[in-house]
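One structure below.
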Amino acid sequence: MYRESSRQTGLCPACKRMLAESSSGRHRYQSCQQCHGSLVDHRTLQEMWAELAPAGKQMEVRRRLGLARHRSCPLCDAQMAFTWVVAVPVDSCELHGIWFDTEELETALAAAALPLEQWIMQFLDKLRDMT
Ligand SMILES: [Zn+2]
Ligand SMILES: [Zn+2]
């Protein structure tokens, strides 16, 4: 069920440009036209994952403590928490979702469809470059 609401838009935490409404299939999120970073709310992210993953395969989201990054949420300006989605390092706002830098969203979602070892092999170089 998709709740139509007038969503706030924010500024890209990387390049400070206004985020634009983006969509992938029926999923909607906000992304930066310049760096292609995206803010995806937690529920949408779960739905995107569930669409690609075999039944029962959960998305692994872990908070990483002690490694604060100094990015703030595009929508509420609260400092985001450094978080892993599978092995992709992202920033997370409890209220507004997860911020994925360039290619991080595609990389994380590829892990839904692929067996873990294959995903790591395929994305190892990219994962190394992600901070
Ligand atoms: Zn940007
Ligand atoms: Zn927020």
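If we count GluC sites (Glu not before Pro) as exposed when they sit in a DSSP loop and have at most 14 other beta carbons within 10 Å, what is the longest stretch of the chain that avoids them all?
So the longest stretch without any such site is 5-59.
Can you tell me, using C-alpha contacts under 8 Å and at least 6 residues apart, the relative contact order of the chain as a whole percent?
On the way: 204 pairs, mean separation 27.5, N = 131.
Result for the chain is 21 percent.
Only Lys, Arg, Asp and Glu count, each charged at its Cβ (+1, +1, -1, -1), so figure out the dipole size of the chain about its Cα centre, rounded to 20 debye.
That gives the chain a dipole magnitude of about 260 debye.
What distance in nm lies between label points placed 7 Å from Cα along the C-beta direction at Leu116 and Arg17?
3.7
Stretch Gln79-His42 to full length: gain in nm at 0.36 nm per residue minus the Cα-Cα span?
Length gained, Gln79 through His42: 11.7 nm.
Using a Gaussian network model of the chain with C-alpha springs under 10 Å, which one of Ser23, Ser31, Ser92 is most mobile by mean-square fluctuation?
Most flexible of the set in this elastic network: Ser23.
Residue by residue through segment 35-41, what is 3J(HN,Hα) from phi via Karplus (6.51 cos²θ - 1.76 cosθ + 1.60, θ = phi - 60°)? Round to whole Hz and write x for glycine and proline.
For segment 35-41, the Karplus curve yields 9, 6, x, 9, 9, 10, 5 Hz.
Counting helices only, and only those DSSP H runs with n ≥ 4, report the 222 nm mean residue ellipticity of the chain as the sum of -39,500 (n - 2.57) divided by its residues, in deg cm²/dmol to the nearest 500. Numbers along the way, then the final one.
Values: 3 runs with 35 residues, N = 131.
About -8000 deg cm²/dmol.
7 Å from Cα along Cα→Cβ at both Asp129 and Leu52: what's the point-to-point distance in nm?
1.8
Each value in this text was obtained by applying a stated rule to the coordinates, not by laboratory testing. Please read these numbers as outputs of a predicted model, since none were measured by experiment. Note that each Cβ is placed from the backbone with ideal geometry, even for glycine, and that neighbours are counted across all protein chains shown.
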